[in-house]
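Asks: Quick one: the structure is below, questions incoming.
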Amino acid sequence: MKKEDCIFCKIANGEIPSKTLYEDEKFRVILDLGPATKGHALILPKEHFADLYELPEELAGEVMKTAKRMAEKLRDRLGCEGLNLVQNNGELAGQTVFHFHLHLIPRYRADGQKIGWKPGQPAEEELEETRKTITD
Ligand code: 5GP
Ligand code: ZN
């Protein structure tokens with residue numbers, strides 16, 4: 001299903017042109033318009049799912065297969081020496097377009113980008129408490 005006012009629905013289904021790197025019946029892979037580095041790509045499902053929570057499990061598996069193939073292509077063609085996969089869910093996590101997408105960000109020596117977080121220092125008890133909350 002498509003969502004009327006969703007820009008990535010329109011791009012994924014070819015109603016709005018994009019720099020397409022790959023397309024099949026379920027996905028379109030495009031270049032990001034505001035790339036972190038050269039070759040920054042987005043994998044878009046053609047069906048509308050707002051985020052990872054809405055994405056069906058089976059399609060999630062296919063996203064990762066597509067990511068692997070695209071990662072190889074980006075490495076082979078652009079000569080990147082590293083690659084980050086980034087996938088934001090929710091405004092708080094930095095999502096700005098609410099149609100599921102997976103970022104592939106090729107990394108080059110001295111590319112000036114930094115994708116990371118500030119590591120915490122939880123006590124063992126806190127980690128155990130968290131583990132229990134999630135699993136029990
Ligand atoms: P998010 O912050 O939601 O994880 O990522 C959205 C990404 O989509 C951003 O990196 C942004 O540059 C990219 N973007 C937003 N609008 C367009 C567009 O119309 N075309 C393309 N190719 N990329 C877009
Ligand atoms: Zn959409």
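The values are calculated or read from the model by the stated rules, or taken from the named source; none is laboratory data. Please read these numbers as outputs of a predicted model, since none were measured by experiment. Heads up, the Cβs are rebuilt from the backbone with ideal geometry, glycines too, and the neighbour counts pull from every protein chain shown. Ligands, DNA and RNA are excluded from the accessible area calculation, which covers all protein heavy atoms including side chains. Shrake-Rupley method; radii C 1.70, N 1.55, O 1.52, S 1.80 Å.
Asks: Please name all residue pairs, on different chains or six or more residues apart, with Cβ atoms under 7 Å, provided the first residue is in segment 1-15 and is under 14 Å from Glu54 (Cβ atoms) and near ligand 2 (Cβ under 8 Å from one of its atoms) and the second residue is open to solvent by 90 Å² or more (accessible area, probe 1.4 Å) and not small (Gly, Ala, Ser).
Replies: Cys9/Lys2; Cys9/Lys3
Asks: Against the condition under 13 Å from the mean Cα position of the chain (by Cα) and within 11 Å of ligand 1 (Cβ to nearest atom), how does Ala50 come out, does it pass?
Replies: Values: under 13 Å from the mean Cα position of the chain (by Cα): yes; within 11 Å of ligand 1 (Cβ to nearest atom): yes.
So Ala50 passes the test.
Asks: So, Arg107, is that one among the charged types (D, E, K, R), modelled with pLDDT of 95 or more and surrounded by 14 or more Cβ atoms within 10 Å (Cβ to Cβ) or not? Reasoning before the result, please.
Replies: Details: among the charged types (D, E, K, R): yes; modelled with pLDDT of 95 or more: yes; surrounded by 14 or more Cβ atoms within 10 Å (Cβ to Cβ): yes.
Yes, satisfied.
Asks: Does Glu91 meet the test of being away from ligand 2 (no atom under 15 Å from the Cβ), charged (D, E, K, R) and farther than 19 Å from Arg107 by Cβ?
Replies: Values: away from ligand 2 (no atom under 15 Å from the Cβ): yes; charged (D, E, K, R): yes; farther than 19 Å from Arg107 by Cβ: yes.
Criteria met by Glu91.
Asks: Would you mind telling me which numbered condition in (1) open to solvent by less than 60 Å² (accessible area, probe 1.4 Å); (2) in a loop (DSSP other than H, G, I, E, B) Glu15 fails?
Replies: (1)
Asks: Does segment 52-72 include one or more residues that are within 28 Å of Ala110 (Cα to Cα), within 15 Å of ligand 2 (Cβ to nearest atom) and surrounded by 12 or more Cβ atoms within 10 Å (Cβ to Cβ)? So that I can check it myself, show each step before the final result.
Replies: Just the residues of segment 52-72 that are within 28 Å of Ala110 (Cα to Cα), to begin with: 64, 66-72.
Still in the running and within 15 Å of ligand 2 (Cβ to nearest atom): none.
No - not one qualifying residue is present in segment 52-72.
Asks: Being buried (at least 18 other Cβ atoms within 10 Å of the Cβ), away from ligand 2 (no atom under 12 Å from the Cβ) and over 16 Å from Asn88 (Cβ atoms) is the requirement here; does Thr20 meet it? Spell out the reasoning first.
Replies: Values: buried (at least 18 other Cβ atoms within 10 Å of the Cβ): no; away from ligand 2 (no atom under 12 Å from the Cβ): yes; over 16 Å from Asn88 (Cβ atoms): yes.
It is false that Thr20 is buried (at least 18 other Cβ atoms within 10 Å of the Cβ), away from ligand 2 (no atom under 12 Å from the Cβ) and over 16 Å from Asn88 (Cβ atoms).
Asks: Please go through segment 89-113 and pick out each residue that is within 9 Å of ligand 1 (Cβ to nearest atom) and in contact with a His (Cβ under 8 Å, 6 or more places away or on another chain).
Replies: Listed by number, the residues that qualify are His99, His103.
Asks: I'd like to check something: does segment 64-84 contain any residue that is away from ligand 1 (no atom under 15 Å from the Cβ) and among the polar types (S, T, N, Q)?
Replies: As a first pass, look at segment 64-84 and keep what is away from ligand 1 (no atom under 15 Å from the Cβ): 64-66, 68-69, 71-83.
Subset that is among the polar types (S, T, N, Q): 66.
Yes, segment 64-84 contains at least one residue that is away from ligand 1 (no atom under 15 Å from the Cβ) and among the polar types (S, T, N, Q).
Asks: Sticking with this structure for a sec: In segment 1-23, which residues are under 15 Å from Val63 (Cα atoms), more than 12 Å from ligand 1 (Cβ to nearest atom) and either at pLDDT below 95 or out of contact with any helix residue (DSSP H, G or I) (no Cβ under 8 Å at 6 or more places or on another chain) (or both)?
Replies: If the condition is that a residue be under 15 Å from Val63 (Cα atoms), more than 12 Å from ligand 1 (Cβ to nearest atom) and either at pLDDT below 95 or out of contact with any helix residue (DSSP H, G or I) (no Cβ under 8 Å at 6 or more places or on another chain) (or both), then Glu23 is the only one that fits.
Asks: Checking Gly79 against (1) of a type in the set (Gly, Ala, Ser); (2) within 16 Å of ligand 2 (Cβ to nearest atom); (3) open to solvent by 40 Å² or more (accessible area, probe 1.4 Å), only one condition comes out false. Which one?
Replies: Tallying (1) of a type in the set (Gly, Ala, Ser); (2) within 16 Å of ligand 2 (Cβ to nearest atom); (3) open to solvent by 40 Å² or more (accessible area, probe 1.4 Å), Gly79 fails exactly one: (2).
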